[in-house]
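The structure appears below as structure tokens.
The values are calculated or read from the model by the stated rules, or taken from the named source; none is laboratory data. Keep in mind it's a predicted model, so treat the numbers as computed, not measured. When we count neighbours, we look across all protein chains shown, and the Cβ atoms used for this are built from the backbone with ideal geometry, even at glycine. The accessibility values were calculated without ligands, DNA or RNA, using every heavy atom of the protein model including side chains. Shrake-Rupley method; radii C 1.70, N 1.55, O 1.52, S 1.80 Å.
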Amino acid sequence: MDQYPAAVQQAKQSHERSDEEFWGIDSTPFSAEPPPPQPCRVVLRQVGDSTFALQEDLVLTWPVAGAGAPPSTLVVTPADVPTTDLASIPDYLGWFARRFGRHTPAAVVHDLLIPSTGSPWPPDLPAEWRLAPADADRLFRDLLTSSGVPPVRAYLMWAAVAARTRWQSGRAGKLGLILWGLLAVAGSWAFVAGLTGGGPALVIGALVAPAVAALLWGAEYGAGLVAGYSLWWIVFGSAPAWLAYKAYQVVEGVVWRLRGRVGDPPQVRQPAAPVPYPER
């Protein structure tokens, strides 16, 4: 059961903010520190081709009260998020969502709340904010909707992080996702077969199947439901871009090999000593 009904209700009641309003006037539930608090400022320094370091504090004020709810305010400091790739969205999904956008503050918070071997929870993170991965994923979803991210996009992004969480949860989670994928292929075959003469029963069964297969997602049933009914839409939308990018990689590899055989080979530069970034 979701822990954040008040925030979801607020997201439903709030008017949709334009980019100019969110980034220029009111970025609730996010704010900046020090004042002025509104709007929030996500200040980043690029430290890799696709990684960044947070340079200013980001404040989350979450309108939730009750037992088990996180405290009302969380301050994310640069030390808390030494590196972030923002939203982990593959390039070939750029038609749907980019790595940065209205979802950037929520992605930074999600990076903090999902620990990893190389980036564990900071020692000063309050115990109430040390959420289970599935709860952190649901919080990410509700932060997206509260920030004004369109609901379909927000729920699809939630389904993506929930799938990653289940995959990393152990053997049972991996097995469940693999079986779910096989059922998705079988359901797609049944749908096509039904439309091409197999009868309405196959079509109806295929349309109902994602709701049943989502049970394999366990507590993340809602994420599995979203994924089941959007899977082929995402696949068909992304396949051309993925194929084009793979073709580009082949061409790039051929060019580099030719450069090594014809003319001067590419020079490998020795990395310079890092220059400390000035303290703010």
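Only a single item in (1) in contact with a strand residue (DSSP E or B) (Cβ under 7 Å, 6 or more places away or on another chain); (2) free of Cβ contacts under 8 Å to residues at least 40 places away in the same chain; (3) surrounded by fewer than 15 Cβ atoms within 10 Å (Cβ to Cβ); (4) not hydroxyl-bearing (S, T, Y) is not met by D111, and it is number (3). Return a yes/no flag: does segment 90-107 have any residue that is of a type outside the set (G, A, S), at pLDDT 90 or above, in contact with a strand residue (DSSP E or B) (Cβ under 6 Å, 6 or more places away or on another chain) and surrounded by 19 or more Cβ atoms within 10 Å (Cβ to Cβ). Yes, segment 90-107 contains a residue that is of a type outside the set (G, A, S), at pLDDT 90 or above, in contact with a strand residue (DSSP E or B) (Cβ under 6 Å, 6 or more places away or on another chain) and surrounded by 19 or more Cβ atoms within 10 Å (Cβ to Cβ).
Any idea how many residues of segment 118-136 are open to solvent by 60 Å² or more (accessible area, probe 1.4 Å), of a type in the set (D, E) and not in a loop (DSSP other than H, G, I, E, B)?
Going through segment 118-136, the residues open to solvent by 60 Å² or more (accessible area, probe 1.4 Å) turn out to be 118, 120-121, 123-124, 127-128, 130, 133.
Applying the additional criterion that residues be of a type in the set (D, E) yields 124, 128.
Next, only the ones that are not in a loop (DSSP other than H, G, I, E, B) stay: 128.
Total satisfying the criteria: 1.
Residue pairs whose Cβ atoms lie under 9 Å apart, separated by 6 or more positions or on different chains, with the first residue in segment 42-57 and touching a residue at least 60 places away in the same chain (Cβ under 8 Å) and the second of a type in the set (D, E) and open to solvent by less than 50 Å² (accessible area, probe 1.4 Å), are V42/E56. The requirement of being of a type in the set (S, T, Y), assigned to a loop (DSSP other than H, G, I, E, B) and either touching a Cys at 6+ places or on another chain (Cβ under 6 Å) or modelled with pLDDT of 90 or more (or both) is satisfied by S27.
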